[in-house]
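My questions will all concern the structure given below.
Every number here is computed from the coordinates shown, using simple stated rules; none is lab data. Model, not experiment: these values are computed from the prediction. Cβ: placed from backbone, ideal geometry, glycine included. Neighbour counts: every protein chain shown.
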Amino acid sequence: MPPLLPALLLAAASPAAVASAVHVQAAWSRPAAAGAVGVGYAILVNDGARPATLTAARSPAARRMSLHASTMSDGVMHMAAAPALTVPPHGRVELKPGGYHFMLMGLKAALKPGDRVPAVLTVDGRPLRVEFQVRHDLPR
């Protein structure tokens, strides 16, 4: 076997070389005014055999985009930034009202029903493009 072949085979088998098995379903957002804070919800699906970790998000529609988690404690809803979110192997995580969600801070334009909000999520260090559909009603 040529000397480089074992190294190439090892690199191809490493987790960093494997294409992400995560995809996004049912991405949606609510209407919001320009300059205000918007939200993003979606279902992250991991078809892979390893956990996948979401570590960042960005959108050209907002000055800043980040992952947040809402939790209930003693009857009071609390919200805080979440540094990461792990999607289990062959599993899914739903970002929804009252749970994990994206915050779009400093919207550059109003979000109106029918608009699509582009974003890039960072999953396992790789970009994952998504579009959030702006709607009044909850998706089914």
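Taking every eigenvalue of the Cα gyration tensor of segment 19-134, multiplying by 5 and rooting it, what semi-axes result, largest first, whole Å?
Value: 22, 18, 12 Å, ordered largest first.
Then there's this: Largest first and in whole Å, give the semi-axes of segment 56-108's equivalent ellipsoid, each being the square root of 5 times a Cα gyration tensor eigenvalue.
Semi-axes from the Cα gyration tensor: 21, 17, 8 Å.
Treat each spin label as a single point 7 Å out from the Cα along the C-beta direction, and report the Thr86 to Thr122 distance in nm.
1.9
What does the charge add up to near Val87, with Lys and Arg as +1, Asp and Glu as -1, over the other residues with Cβ less than 14 Å from its Cβ?
0
Using only alpha carbon positions, build the gyration tensor of segment 42-84, then give the equivalent ellipsoid semi-axes as the square roots of 5 times its eigenvalues, largest first, whole angstrom.
23, 18, 9
With the crude spin-label approximation of a point 7 Å out along Cα→Cβ, what separation in nm comes out for His78 versus His23?
3.8
Which net charge results for the neighbourhood of Ala109, defined as the other residues with beta-carbon distances under 14 angstrom from its beta-carbon, given Lys and Arg at +1 and Asp and Glu at -1?
Residues near Ala109 contribute +3 overall.
Given Cα pairs under 8 Å that are at least 6 residues apart, what percent is the relative contact order of segment 19-134?
Relative contact order here is 37 percent.
With Cβ to Cβ distances under 11 Å as the rule, what net charge do the other residues near Pro118 carry (K, R +1; D, E -1)?
Local net charge: +1.
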